[in-house]
Amino acid sequence: MEWFISLSPVVQALLATLFTWAVTALGSATVFFFKTINKKVLNLMLGFASGVMIAASFWSLLAPAIEMTENLNQNPLVVVTLGFLSGGAFLYLADKVLPHLHLGLKTSQAEGIKTGWQRSVLLVLAITLHNIPEGLAVGVAFGAAALGLPSATLAGAIALGIGIGLQNFPEGAAVSIPLRREGMSRRKAFLYGQASGIVEPFAGVLGALAVVRMQTILPFALAFAAGAMIFVVVEELIPEAHAGGGSSGTDIATVGCLIGFAIMMLLDVGLG
């Protein structure tokens, strides 16, 4: 562990987000064993991912941001609220511009700028959009830990990386298995699925660099990442988790959300 502590925060963020990408690939690898996925199981996994992201948004991002604004003599009501809403607004704009398609929808229902891209590409881009704030959150957390502030610890950043990694497993499966069901080869479905997570290392390094070089924006950056993650949860993950499967499917998604929240909370409180 000492070797990891001795690394720069940017390298730490890179390694952490490479881990989260690897877990996405691991989830995508389930396509080599399954061609279909039970809708209730998918609801459970998406609900779990939602719970992890909601918990991470508060315990790992918003709570430290509020405390840091006080240490930096900033107004938490202004800085954190503005950062949170800016993160949501950024994802809203990205959602309207980036062509993507959610699971279970027809190609004609793709969102963003209209293109002639294949359905498989649009499905992958939908999950890629999720992963931008996740990578950013991990990078900002490691950058914050390097500043030595009591509210941002290396253990907390590691806990966030583990939590994001855990919820990336079902996301990887949620991309690859539907692609396989639509007739794509197992190998190609795996490659497309793991590619959805490749954006996380880039976002993670960008987030770490931003807060290390501009420390005064740290609370804003933490709140920004939280707002972006909450947007993804409310706009996409929860609706997809509740789609289909009847009332029992909705109940399963809710249980998954509670479990994901509890696990992320335990990770953050226990390690952080």
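Tabulated values for the structure
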| item | result |
| --- | --- |
| Highest-MSF residue in the chain out of 108, 57, 28 [GNM, Cα springs under 10 Å] | 108 |
| Residue 72-residue 269 FRET efficiency (beta carbon distance; Förster radius 22 Å; 0.05 resolution) | 0.35 |
| Computed FRET value (nearest 0.05) for residue 4 with residue 258, which takes r as the C-beta separation and R₀ as 35 Å | 0.65 |
| Cα gyration tensor category, rounded, prolate or oblate, for the stretch 1-83 with a/c compared to 1.5 | oblate |
| Förster radius 22 Å - calculated FRET efficiency between residue 89 and residue 202 (Cβ-Cβ, nearest 0.05) | 0.55 |
| Surface share of carbon and sulfur [accessible, 1.4 angstrom probe, percent] for the chain | 71 percent |
| Where labels lie 7 Å past Cα in the beta-carbon direction, separation of residue 109 and residue 81 in nm | 3.6 nm |
| Exposure rank, largest accessible area first [41, 199; 1.4 Å] | 41, 199 |
| Neighbourhood net charge (9 Å Cβ-Cβ; Lys/Arg +1, Asp/Glu -1) for residue 111 | 0 |
| Residue among 206, 82, 18 with the largest mean-square fluctuation in a Gaussian network model of the chain, springs linking Cα atoms under 10 Å | 82 |
| Most to least accessible of 130, 242 (protein chains only, probe 1.4 Å) | 242, 130 |
| In order through the stretch 202-216: 3J(HN,Hα) via Karplus (6.51 cos²θ - 1.76 cosθ + 1.60), integer Hz, x for Gly, Pro | 5, 5, x, 5, 4, x, 5, 4, 4, 7, 5, 8, 10, 4, 5 |
| Linear extension gain, residue 181 paired with residue 213, 0.36 nm per residue minus alpha-carbon span | 6.9 nm |
| Probe 1.4 Å, accessible area per residue of the chain, Å² | 43 Å² |
| Nearest-10 value in Å² for the accessible area of residue 113, using the 1.4 Å probe | 100 Å² |
| Ellipticity estimate at 222 nm from DSSP helix runs (n ≥ 4, -39,500 (n - 2.57)) divided over the chain, nearest 500 | -24500 deg cm²/dmol |
| Residues of type aspartates and glutamates that residue 35 reaches as a straight line, Cα spacing below 20 Å, ignoring anything fewer than 8 places off in the same chain | 171, 182, 240 |
| Formal net charge of residues neighbouring residue 76 (Cβ-Cβ distance under 14 Å; K, R +1; D, E -1) | -2 |
| Distance in nm between pseudo-label sites at residue 18 and residue 118 (7 Å out along the Cβ direction from Cα) | 2.9 nm |
| Within the chain, longest stretch clear of exposed trypsin sites (Lys or Arg not before Pro) (DSSP loop, no more than 13 other Cβ within 10 Å) | 115-272 |
| Taking the chain and dividing mean pair separation by its residue count, relative contact order in percent (alpha carbons under 8 Å, at least six apart) | 43 percent |
| Simple spin-label estimate for residue 251 and residue 35 in nanometres, 7 Å along Cα-Cβ | 3.2 nm |
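The values are calculated or read from the model by the stated rules, or taken from the named source; none is laboratory data. Predicted model, so just to flag it, every value in this text is computed and none were measured. Using ideal geometry, Cβ is built from the backbone for each residue, glycine included, and neighbour counts are taken over all protein chains shown. Keep in mind that these areas ignore ligands, DNA and RNA; they rest on the heavy atoms of the full protein, side chains included. Shrake-Rupley method; radii C 1.70, N 1.55, O 1.52, S 1.80 Å.
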